[in-house]
Structure formats: structure tokens, C-alpha cells
1. What number of residues within region A:179-209 satisfy the criterion of being within 7 Å of chain B (Cβ to nearest Cβ) and at pLDDT 80 or above?
2. Answer yes or no: is there a residue in region B:170-182 that is under 18 Å from the mean Cα position of the chain (by Cα), buried (at least 22 other Cβ atoms within 10 Å of the Cβ) and at pLDDT below 80.
3. B:ALA226 versus (1) within 14 Å of another protein chain (Cβ to nearest Cβ); (2) at pLDDT 80 or above: which is the lone unmet condition?
4. At pLDDT 95 or above and at the interface with another protein chain (Cβ under 10 Å from one of its Cβ atoms): does that describe B:MET34?
5. What single numbered condition from (1) within 14 Å of chain B (Cβ to nearest Cβ); (2) at pLDDT 85 or above; (3) surrounded by fewer than 17 Cβ atoms within 10 Å (Cβ to Cβ) fails to hold for A:GLY113?
6. Take the residues in region B:1-26 that are part of a strand (DSSP E or B) and facing chain A (nearest Cβ under 8 Å); name whichever of them is surrounded by the fewest Cβ atoms within 10 Å (Cβ to Cβ).
7. Kindly check whether there is at least one residue in region A:155-167 that is more than 27 Å from B:PHE69 (Cβ to Cβ), more than 14 Å from chain B (Cβ to nearest Cβ), modelled with pLDDT of 95 or more and in a strand (DSSP E or B).
8. Considering only region A:86-110, state which residues are surrounded by fewer than 21 Cβ atoms within 10 Å (Cβ to Cβ) and charged (D, E, K, R).
Amino acid sequence: MEIKIEYRPSYALAIVGLGMNESIVAEGGAMVSMSSNVAIQTSRSAAGGGGLLKGLKRAVLGGESFFMNTYTAQGGAGEVTLAPTLPGDITVLPMTGPAMMIQGTSYLASTPGISLDTKWGGMKTLLGGEGLFMLKASGQGQVIVNSFGAIHEIPVNGPYIVDSGHIVAFEETLTFEVKRVGSWKATILSGEGLVTLFNGKGRLWIQSRNPRAFGHAVGSKLPPRES
Amino acid sequence: MEFGIRYRPSYSLLGVKLTPNEQILVEGGSMVSMSADMAIDTHLNATGGLLKSVAVAIGRKILGGETMFVNTFTAGPQGGQIMIAPSMNGDIVHFPLKGGGVIIQASSFLAGGPGVGVKLKLGGIKTLLGGEGLFLLEASGTGDLFINSYGAIRELDINSPFIVDTGHIVAFEPTLNFNVKKVGNWKSTIFSGEGLVCEFQGRGKLWLQTRSVGALVGWLRPMLPA
């Protein structure tokens with residue numbers, strides 16, 4: 001398998017070259033184009049198995065599309081190209097060591113050796129209120145993540161605070177907790193709300209734009225939705 | 001205070017290193033990440049009397065886009081680091097203020113370092129006629145000011161009357177006078193798609209942004225489900 005990322009950083013496209021019978025698992029709706037000999041198999045929880053319940057859990061809690069697709073090149077080599085919804089970058093994270101926590105909307109695709117599970121962090125992740133639903137990726141292979149804006153890597157060593165809407169992924173060696181920022185007044189009025197406090201040592205990737213903040217900036221000027 | 005701006009121009013990210021106890025004023029909701037011992041204090045985003053700030057803050061909120069509050073972040077005794085980004089895609093530009101002032105469209109204000117004051121620009125209300133939420137702030141003092149744009153920022157030297165769509169204004173020097181007016185005759189105002197514009201006169205620098213949030217909203221509106 002060969003994964004190339006083109007048109008970085010604003011309109012990144014992942015170009016996945018598959019050898020015969022090789023597969024890539026991708027988020028539903030991410031496929032842009034593919035060779036005609038690539039077969040698509042749709043499942044509710046393609047990566048790592050687990051069936052309906054796991055798929056549901058991921059859809060409801062992970063902020064992700066309900067279905068995952070497995071693309072397999074048949075009878076020869078093939079190519080699949082993948083893109084996220086929002087403008088921004090795509091990065092390949094090679095996985096050989098610690099498991100990786102990936103923010104639901106940042107997951108784009110993974111190689112078949114990667115197992116995905118919804119990391120149920122309890123209410124603390126819900127409290128983030130910014131789609132902080134984490135997928136736990138483990139195993140050997142590659143995970144492809146996307147960002148709204150640029151991806152910026154931060155080597156965390158000790159306590160560090162991040163706005164939840166800017167998190168892309170982090171190594172599981174880091175602990176995290178959702179907390180309020182400053183006093184209660186600051187929590188309510190600052191526009192920063194709840195943040196994520198990381199601790200320990202490991203790599204963290206953030207995105208330079210916050211999808212929710214963008215949505216509010218534009219959405220607040222749109223007419224109300226009639227239901 | 002040291003700073004760097006990365007990922008320009010589409011997804012600019014401002015990183016600032018503060019010395020012990022140093023402060024930076026940041027538009028509400030713009031903090032991306034920071035040292036864990038950074039203190040945050042929240043206050044209304046336009047100084048000049050409580051009543052006026054409340055009125056202005058609410059006005060800005062109603063017009064959309066802007067937050068009512070700004071935050072002052074203060075570094076701990078070891079100093080600290082903070083990263084800052086606006087909500088829209090676009091650039092961040094550093095304005096070194098040296099005792100003078102600059103007038104900023106409110107949604108273009110991102111952050112001000114020590115020594116930079118930001119207040120409501122008097123007479124800004126007339127710009128309401130622009131219908132595009134053009135609230136103006138005046139930044140002054142000596143220090144580092146950071147503004148953001150939707151799209152790229154274009155700098156112009158103005159020395160004769162010049163017309164700009166209100167939605168594309170980022171900032172201008174106070175040596176420039178401005179008037180909000182209709183473009184062409186009434187037929188043009190209604191049908192040109194340009195609406196009201198801002199006419200600048202005098203000499204000074206003007207900064208424009210290459211995209212308009214109002215235009216994006218106008219494009220999206222008819223696409224919404226009925």
C-alpha cells in the first residue's frame with residue numbers, strides 16, 4: 001500500500017494505492033474516486049469488528065458517519081482517493097507503539113490492521129460540548145487523520161491546556177480531563193468554555209481552526225431553521 | 001513577549017511566548033491551547049464606561065459573528081505560552097503600534113499585547129447603515145497588535161477618494177475619513193449586489209480582506225432547506 005497526500009495543506013486529498021487484494025477502511029462519505037476494480041463493502045463497524053452495537057456506539061458517540069467502508073482492490077492493483085468535508089490538511093500517523101486517541105471528526109481512514117473503538121471517557125468527554133468524542137486506534141499500521149485548517153504537532157511534557165474543538169489526536173500515554181477554564185465567570189463568558197487538560201508525556205496534534213467556532217460565526221447570520 | 005505566525009495565509013495560527021506575569025488581550029473564543037498555569041480574566045470587549053460597553057457588546061452580538069467578551073491571559077511566574085486562532089479561514093497580521101492608532105473592524109481584532117488598548121471607535125454607529133455588522137474599534141498605544149482576516153489581507157496606500165465594500169474592510173489609519181453610502185444610483189444599490197459601500201478620503205493606509213463573511217452567508221442562505 002502506498003499513501004500519498006496531495007494538495008496540502010488547504011485542500012488535501014489522500015491517494016491510496018492498493019496492491020491486489022489490499023484494503024483500506026474509510027469513514028463513510030469520504031471516497032472521492034476509485035478504480036473500477038475496487039470493491040466496496042459497507043459495514044456498521046468495519047474496523048476491528050464488533051457488529052452493530054459497536055457501530056452504533058461509534059456513530060452516536062464518535063460524531064462520525066454511521067457506516068464505515070472497506071475498499072478492496074480485486075484482480076489487480078487499484079486506487080482510492082479520500083477527502084474530508086471541510087477544507088484543511090490530511091496527515092498519516094504511522095502506528096507502531098502506543099495506541100492513539102483520535103477525535104471523532106478527525107478520523108478519515110486506517111489500514112486493516114488497526115482496530116477502532118469508541119473510547120468511552122464517560123461524561124467528561126461529553127462535557128466538552130465540542131464533539132470531543134474519541135476513537136481509540138490500536139494495532140500496527142497507519143491511521144489517516146484530517147484537520148480543519150493546519151495540523152500542528154505539540155510534544156506534551158507536563159500539564160498543557162487545549163480548547164477541545166482544536167484536538168485532532170494524541171498518544172494514549174497522555175492523560176486528559178475536561179475542565180472549566182478559570183473562574184465560573186470565565187467559563188460562562190469567555191467564549192472558551194470547557195477545555196481539555198493534558199498531562200504526562202506524549203505527542204498531541206491540534207488543528208488551527210475550530211469547526212464549531214466557524215459554524216457559529218457563519219451560522220449565527222443565517223435565518224433560523226424551520227422544523 | 002515573543003511571537004510567531006504559522007500556516008499563513010489560509011489557516012494562520014499565532015503562537016505567543018509571555019514572560020513571567022506578562023499579559024495578552026485576546027478576542028473571546030480564540031484561545032487554541034496554552035500553558036496550564038495561565039490565568040484568564042474575562043471582561044466586556046469595549047472600554048469606555050460600563051453602559052456604553054454593554055450597549056456596544058450587545059449590539060455586536062445581535063449583528064452576529066462577534067463575541068461580547070474579551071479575555072486577558074496572564075502568564076504564571078515561569079512565563080507561559082499561548083496559541084491563538086480566529087474562527088474564519090484566513091490570515092493573521094502583526095501590527096506594531098508605536099504610539100499611534102489604527103481603526104479595526106471589530107471582527108478583525110484578534111489580540112493585543114502589553115501596552116495596546118482597544119476601545120470603541122466613536123461615530124462607529126453610523127457604520128451600522130452598512131448593514132453588514134461593521135463595528136469599529138480603535139487600537140492605540142505602543143505594542144503588538146494582531147488582526148485577522150477572512151481570506152488574505154491586502155494593504156493599500158490611499159491618497160484620493162476610494163470605495164470599499166463594507167464587508168471587506170479590515171482596518172485603516174485614523175488619518176482617513178470615511179462615509180457609508182450607496183453605490184451608484186438606487187437601481188445599482190439594489191441590483192448590483194454591492195449594497196452599501198464605504199468611501200474613504202484623505203491619506204493613509206487601508207487593509208482589505210479578499211473574502212467577505214456577509215457574501216458567504218448570502219451564498220449559503222438560499223441553499224438552506226425550506
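The values are calculated or read from the model by the stated rules, or taken from the named source; none is laboratory data. Since the model is a prediction, treat every value here as computed from it, not as a measurement. All Cβ positions, even for glycine, are placed from backbone atoms using ideal geometry, and neighbour counts span all protein chains on display.
1. Let us first name the residues in region A:179-209 that are within 7 Å of chain B (Cβ to nearest Cβ), namely A:181-182, A:185-186, A:189-192, A:197, A:206, A:208-209.
Restricting the remaining residues to those that are at pLDDT 80 or above gives A:197, A:206, A:208-209.
Residues flagged as within 7 Å of chain B (Cβ to nearest Cβ) and at pLDDT 80 or above within region A:179-209 amount to 4.
2. Checking region B:170-182: not a single residue is under 18 Å from the mean Cα position of the chain (by Cα), buried (at least 22 other Cβ atoms within 10 Å of the Cβ) and at pLDDT below 80.
3. Result: B:ALA226 fails condition (2) only.
4. Working: at pLDDT 95 or above: yes; at the interface with another protein chain (Cβ under 10 Å from one of its Cβ atoms): yes.
So B:MET34 fits the description; yes.
5. (1)
6. Within region B:1-26, the first condition is being part of a strand (DSSP E or B), and the residues that meet it are B:2-6, B:11, B:13-18, B:23-26.
Going one step further and asking which of them are facing chain A (nearest Cβ under 8 Å), we end up with B:6, B:11, B:13.
Numbers: B:ARG6: 14, B:TYR11: 27, B:LEU13: 24.
In this case the residue turns out to be B:ARG6.
7. Taking region A:155-167 as the starting set, the residues that turn out to be more than 27 Å from B:PHE69 (Cβ to Cβ) are A:155-158.
Still in the running and more than 14 Å from chain B (Cβ to nearest Cβ): none.
No - not one qualifying residue is present in region A:155-167.
8. The answer is none; no residue qualifies.
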